[in-house]
Amino acid sequence: MALCGNCGAAAPRVKTIFTKNGILLPIPKDECPVCAPQSFEPAPDPSTRKIWIGPEYMPSRYRKKTDHLGDYYEGTDELRADTEDAISRGATDETEKLERMKAQKRLNRRTAPLKSGSVEHFQAINRAREVAKNLEDTHKQYYDQMKEAEAEQARQFAHSRLPLVRVN
């Protein structure tokens with residue numbers, strides 16, 4: 001608890017004001033909920049933040065039953081049917097997003113045949129992809145051969161104690 005410099009009350013919250021309308025006060029002023037309640041928002045009550053579930057939220061949709069273990073609540077057939085319906089329908093935001101995506105696809109899809117220039121363009125791109133793939137494969141084969149040659153040289157060196165020559 002803090003002590004208010006204005007009224008001397010012990011309060012959970014105390015504000016110290018150093019300026020008024022942008023002008024520095026010569027002596028800072030304290031305020032607390034006791035002497036200046038208008039400066040403070042009411043403290044939130046934790047019970048207002050309670051999450052209401054099941055029979056507390058919809059008491060008409062549940063039946064109270066009792067057995068040897070005690071009381072329990074069972075959902076009515078109406079509640080079960082509504083729940084299954086909501087699950088089968090899916091989320092509305094997902095459904096709306098899917099419909100928007102379908103509409104966008106319908107607007108942007110190509111309906112005219114490719115022009116001769118664009119066909120040649122796509123053929124050139126595919127040919128470039130083939131060449132790049134071949135270069136990658138060649139480079140990988142060369143790299144693997146170099147690793148094998150270095151490993152063979154290392155094995156020979158270990159047996160013969162000859163100097164190791166690195167092949168580039």
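Only the coordinates and a few stated rules stand behind these numbers; no lab work does. It should be emphasised that the depicted structure is a prediction, and the values quoted were computed from it without experimental measurement. All Cβ positions, glycine included, derive from the backbone under ideal geometry; neighbour counts span all protein chains shown.
Residues that are closer than 18 Å to L3 by Cβ and not in a strand (DSSP E or B) were ranked within segment 13-22; the one that is farthest from the chain's Cα centre (by Cα) is V14. For segment 65-72, state whether one or more residues are in contact with a Lys or Arg (Cβ under 9 Å, 6 or more places away or on another chain) and surrounded by fewer than 10 Cβ atoms within 10 Å (Cβ to Cβ). Yes. Meeting the requirement of 3 or more residues that are basic (K, R), the helices (runs of 4 or more DSSP H) wholly within segment 23-115 are 92-108. Residues of segment 79-128 that are surrounded by 11 or more Cβ atoms within 10 Å (Cβ to Cβ), charged (D, E, K, R) and within 19 Å of M58 (Cβ to Cβ): R80, D82.
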